[in-house]
Amino acid sequence: MSEQKFIEIEVLRYKPESDEAPHSEVYKVPFTDDMSVLQGAQYIKDNFDGSLTYRWSCRMAICGSCGMMINGVPKLSCETFIRDYYPNRITIEALAHFPIEKDLVVDLSGFIEKLESVQPYIIPAEKRSLDQGEYIQTPAQVQDYMQFTSCINCTLCYAACPQFGLNPDFIGPGAMALLHRYNMDSRDGGAEQRMELVASEEGVFNCSAVGYCSEVCPKHVDPANAVNINKTNAAKDYFLRFLSPKGGAK
Amino acid sequence: MNIYKADVVIVGGGGSGLRAAIAVAQSDPSLKIALVSKVYPMRSHTVSAEGGAAGVKRDDDNYDLHFHDTVGGGDWLCEQDVVEYFVQQAPIELTQLEHWGCPWSRTPEGKVNVRPFGGMKIERTWFAADKSGFHILHTLFQTSIQFPSIKRFDEHFCVDILEEDGRCQGIVAVEMATGEFTMIQGKSVIVATGGAGRIFRESTLGGIVTGDTQGAVFRHGVALRDMEFVQYHPTCMPITGLLFTEACRGEGGYLVNKDGYRYLQDYGLGPIGDKPKNKYMELGPRDRLSQSFYFEMQKGRVFEDPVLGKHVHLDLRHLGKERLHERLPLICEMAETFLGIDPATQPIPVRPAVHYTMGGIATDNKCETTLRGLYAIGECSNVGLHGANRLGSNSLTELVVFGKLAGDEAAKTAKSVGFGNTDSLHKQAEAIEKRVTAFKAQTGGKERVATIRKEMVQTMEDGCGIYRVHDTMQTTCDKLAELRERFKNVELDDKSSVWNTDWLTAIELDYQLDVAQAIAYSAINRKESRGAHQRLDGYEQRDDVNFLKHSDAFYVQGALPRIQYADVKITKSQPAARVYGAAGEKADAERKASHV
């Protein structure tokens, strides 16, 4: 049996009922090489302090719950491994740019409102009844939007986005990727309806094209690309409104 | 305490809860719906389902074949009228998901494609790569957003249900971010809170799959049915239990022991053909595959590793990189991230882990429980679909088929009854608040929630594993009684109001201990072997004379659960030998011949 290894985990703690401001606490956690940072947090909660609070569930990077800043980088803690930091200290903090509710839990209500605002559902281009069967959609047509369906709503891209940090009203990368997912779906005819939001004050033109959102995305959704395409679309739409006698464009 | 009134209250925002909410909203937009979930709906555990959803699709398939696969797969403990309804509704509901945007994988012509799955005679599993549950859940959640009558209570924890005049009339929930209580009064209530697999140690499941709401309903006198049937999925990551989907085998993966031998041929699943054949070898049902692992382990033919422990290999190398990345991208990602393995060049170490609870809140064939106005759907329920062993890809379909049915039924009920007496319900709700808040006030105890939970999950694994014997089951029963006692001495570290997960897990654990007892006592009393309940102590055979019955566990305050038995509904499939591989094919031919 090899010797037990320990890692120092520094956690940004905040209990709103008793703390005036967030502060750090350091825990010395025994670990094995298969342990994730999430498991490190669980070890602290189960053995040292049951009040440590964080969101988690699936442990397999698909539910999107366990995002946190790990040594300053937004990551899913379930697929980030302690061994990759050892022997150095690991610092974990709540996701940047969101208000902290307690310890590692942030207020996501703003993000959820944004997600709801993009009309993230099929607005049928052509109605079809169930007994007519499925819509025909070729593998190539699926590829047009498939990448943008992979978003797990983990909000790491918001923690990475400097513009969201400056303007919390910015619709942001994740919600924009979702909007784009429906626009690109051959079954959908709602792009025009969604354009108002794309071009609005909260819309794509807030983006300063840093691209860090795509870099931290654990599912390779490339939200920066979705934002970019919609900048072009919104600009086109804007000019076409001037040019078209009907005052609108598809 | 806040008071909110809704026509239909739904607890649980996973696949079935969302489908039910949409059904209510579509059936009558004037009905108010409260959708309560302890996580944001898209975090629900439906998200982790990988392989796909079963529904007749191909021309060479039919309802009857899906029916017989399901009933035989369930070792004849299925309610056959329920299965008949299910197989007929399945393609309709899966098409509905398509209309709502679910990105099902397609054939080159643009139609929905299907893949083979364990225990299924014909390819009928609709899939969205290997993230089917993820796509179904997000599709349903996003679709639900367009209905203004659905009022969500996200990150609200249901602590109990309310019952008066023999009817379920609402729930009590805690807002996790504040610790505030809300009574949500309703005319009908649907429970859709998922399974109880986290009562076991090594599982594929997310941390939220706790089974606590089953415990709450149990205490209100509703039976937990067939709780002894716990599914071990054969291909899980050692230690973490993370799942490698059955689709790995559907796509043609092999299971091999340390000698490189495809051992399933020794357990009535062979012979090996030159290509994968439905219901043969790796495409056998989950219970049989997990049981085969157990015997390979007894024979010393599995790999042993100081870190990973005992395991076998899931070999996907012959499928080639391209197909793996197209059909099983999540599996490739997980193997790489968690094990540092590229499945295109290395086999994946796997072993069985707890994956699904076939048992649950007993309902009739319309999803209603014996407590009028209370419905249960999805993994938390037992409508009688899966019997003693669930076939992979039937449960995702279950979510939408019975979500829709329960939504329609609950809406009808809500329109036929009025609201109960708010004042007296409020008094009940206050008593509930007092009871669960008392955990926080408790001081001087030496027990920790985490310790008791750890001992519970270990004893459940020891006593209610893949194979069971009386003595270890009795040890588990005794241990649970001890833990029940020790739970009284829990003292929490966190006594605050905001986001107190220490407290919420204590409430969960209190209910989980009851559910664990329901499982253990149902198991020790079933003196036969059937599906996922296998004994090695003189009850190795199925016993249709005494046990072609559902076990119903009833809560008895301060005492052990009472186990009763109920008849199984048989319509067109009389119990027969449950065989796969060549023997299965022979039995199918005989069944067909006797029908002409």
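A few remarks follow.
- What the phi angles of the stretch A:172-189 give under the Karplus curve with 6.51, -1.76 and 1.60, with θ = phi - 60°, is a coupling list of x, x, x, 5, 5, 4, 5, 4, 5, 4, 6, 4, 8, 7, 4, 7, 9, x Hz, glycine and proline written as x.
- Computed 3J(HN,Hα) for the stretch B:334-339, one whole-Hz value per residue from the Karplus formula 6.51 cos²θ - 1.76 cosθ + 1.60 where θ = phi - 60°, is 5, 4, 5, 5, 8, 10, glycine and proline marked x.
- Residue A:7 long-range amide H proximity, modeled H, under 5 Å: A:29, A:31
- Debye intensity ratio in log₁₀ form over the Cα atoms of the protein assembly as shown, taken at each q of 0.06, 0.07, 0.09, 0.10 Å⁻¹: -0.36, -0.50, -0.87, -1.10
- Residue exposure proxy: B:100, B:126, B:499, ordered by other Cβ atoms within 10 angstrom of their Cβ from fewest to most, comes out as B:100, B:499, B:126.
- Distant-in-sequence amide H partners of residue A:91 (H built 1.01 Å from N, under 5 Å): A:10, A:71
- The simple Förster model, with R0 at 60 Å and r as the Cβ-Cβ distance, assigns residue B:546 and residue A:24 a FRET efficiency of 0.45.
- In the stretch B:527-596, the trypsin sites (Lys or Arg not before Pro) that fall in loop regions by DSSP, at most 11 other Cβ within 10 Å: none
- Estimated FRET transfer efficiency (residue B:416, residue B:366; beta-carbon r; R0 22 Å; 0.05): 0.95
- Estimated at 0.36 nm per residue, the fully extended path between residue B:590 and residue B:446 surpasses their Cα-Cα distance by 45.5 nm.
- Here each label is just a point 7 Å from Cα along the line to Cβ, and for residue A:235 and residue B:556 those points are 7.7 nm apart.
- Using alpha carbons only: equivalent-ellipsoid semi-axes of chain A, gyration tensor based, whole Å: 41, 21, 15
- For chain A, A:66, A:78, A:151, A:154, A:161, A:207, A:217 have no disulfide-compatible partner, since no other Cys C-beta lies under 4.7 Å from theirs.
- Neighbour cut-off at most 10 other Cβ (10 Å), DSSP loop, trypsin sites (Lys or Arg not before Pro), the stretch A:94-164: A:127
- Coil-residue trypsin sites (Lys or Arg not before Pro) of the stretch B:401-482, DSSP, other Cβ within 10 Å capped at 11: B:446
- Distance from the alpha carbon centroid of the stretch B:91-125 to that of the stretch B:6-23 works out to 24 angstrom.
- Alpha-carbon centroids, the stretch B:379-433 and the stretch A:122-199: separation in whole Å: 32 Å
- Chain A - percent relative contact order, Cα under 8 Å, separation 6 or more: 16 percent
- Taking only the C-alpha atoms of the stretch B:422-539, the Rg (one decimal) and the largest Cα-Cα distance, Dmax (whole number), read 17.6, 56 Å.
- Between helix B:470-487 and chain B: long-axis angle, C-alpha atoms, 0 to 90°, nearest 10: 30 degrees
- In Å, descending, principal axis extents of the Cα set of the stretch A:5-106: 36, 28, 24
- DSSP-defined antiparallel bridges as percent of all bridges, chain B, nearest 5: 60 percent
- Exposed-site-free run, longest, chain A (rule: GluC sites (Glu not before Pro); DSSP loop; at most 14 other C-beta within 10 Å): A:21-125
- Magnitude of the charge dipole, chain B, Cβ model with Lys/Arg +1 and Asp/Glu -1, debye to 20: 260 debye
- Each label was represented as a point 7 Å from its Cα along the Cα-to-Cβ direction; for residue B:326 and residue B:310 these points are 3.9 nm apart.
- Other protein chain Cβ atoms within 10 Å, averaged over every residue that makes up B:97-106: 6
- Between A:228, A:167, A:47, the GNM of chain A built on Cα springs shorter than 10 angstrom shows A:47 fluctuating the most.
- Amide H contacts under 5 Å for residue B:40, placed H, 5+ residues apart: B:155
- Most mobile listed residue (A:141, A:42, A:119) in chain A, GNM with C-alpha springs under 10 Å: A:141
- Mean per-residue shielding of peptide A:43-52 is 5, counting Cβ atoms of other chains within 10 Å of each Cβ.
- Cα-based reach from residue A:236 at 16 Å (exclusive), listing aspartates and glutamates while leaving out same-chain residues under 8 positions away: A:192, A:196
- The Cα atoms of chain B cover 70, 53, 50 Å along the three principal axes, with the biggest extent listed first.
- Per residue convex hull volume, Cα atoms of the stretch B:297-407, in Å³: 160 Å³
- Helix B:449-463 and the longest principal axis of the Cα set of chain B meet at an angle near 40°.
- Pairwise FRET efficiency - residue B:431 versus residue B:107, Cβ, R0 = 41 Å, nearest 0.05: 0.10
- Computed from Cα positions, the angle between helix B:286-298 and the longest principal axis of chain B comes to roughly 70 degrees.
- Phi-based couplings in Hz for the stretch B:511-522 (Karplus 6.51, -1.76, 1.60; Gly and Pro marked x): 6, 4, 4, 5, 5, 4, 5, 4, 5, 5, 6, 5
- Ranking A:74, B:213, B:388 by Cα position along the charge dipole of the protein assembly as shown, where only Lys, Arg, Asp and Glu carry charges on their C-beta atoms, puts B:388 farthest toward the positive end.
- Length released on extending from residue B:259 to residue B:277, taking residue separation times 0.36 nm less the Cα-Cα span: 4.2 nm
Computed from the coordinates by the stated procedures, all read-outs in this text should not be read as laboratory data. Remember, predicted model here, so these are calculated numbers, not experimental data. All Cβ positions, glycine included, derive from the backbone under ideal geometry; neighbour counts span all protein chains shown.
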